[in-house]
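The values are calculated or read from the model by the stated rules, or taken from the named source; none is laboratory data. This is a predicted model, so every value here is computed, not measured. With ideal geometry, Cβ positions are generated from the backbone for all residues, glycine too; neighbour counts draw on all protein chains shown. Note: areas computed on protein heavy atoms with side chains; ligands, DNA, RNA excluded. Shrake-Rupley method; radii C 1.70, N 1.55, O 1.52, S 1.80 Å.
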Amino acid sequence: MSNIKKLDELLKTDVLVEIKETINELETNIKTASKKDAKVLKEELEYINQVKQYFDDVVLDIENKTLTEDQALDILDGLEDMRIENQEV
């Protein structure tokens with residue numbers, strides 16, 4: 001399987017699904033949080049929305065066939081690094 005296909009599948013079945021769940025969680029928590037906590041949650045929500053936009057753009061690049069195998073591999077490596085970091089926490 002090509003790196004592009006691996007990345008496309010991973011983004012659509014795992015990464016973007018998880019991001020959407022996180023966004024929903026944050027939006028729910030903002031409603032019930034104190035003013036101070038809500039500010040922090042809103043900043044986190046803004047960041048997560050930027051991450052989602054990046055991966056949405058990658059999916060578009062895949063669909064438009066403008067993403068190279070090397071770019072896909074770099075993104076896959078970055079996602080793997082993030083997964084390792086999250087497991088260490």
* Does any residue of segment 23-46 turn out to be open to solvent by 90 Å² or more (accessible area, probe 1.4 Å), touching a helix residue (DSSP H, G or I) at 6+ places or on another chain (Cβ under 8 Å) and in contact (Cβ under 8 Å) with a residue 12 or more places away in the chain? -> yes
* Structure fact -> residue 87: passes all of (1) modelled with pLDDT under 95; (2) surrounded by 10 or more Cβ atoms within 10 Å (Cβ to Cβ); (3) of a type in the set (S, T, N, Q) but (2)
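Suppose we filter 82, 1 for residues that are loosely packed, with under 15 Cβ neighbours inside 10 Å, outside any helix (DSSP H, G or I) and not charged (D, E, K, R); which single one remains? Full working, then the answer.
On the way: 82 fails: outside any helix (DSSP H, G or I).
Step by step, each of 82, 1 is checked, and only 1 is loosely packed, with under 15 Cβ neighbours inside 10 Å, outside any helix (DSSP H, G or I) and not charged (D, E, K, R).
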* Does residue 21 satisfy the criteria of being over 26 Å from residue 2 (Cβ atoms) and at pLDDT 95 or above? -> yes
* Among the residues of segment 58-76, write down those that are surrounded by fewer than 11 Cβ atoms within 10 Å (Cβ to Cβ) and in a helix (DSSP H, G or I). => 63, 70
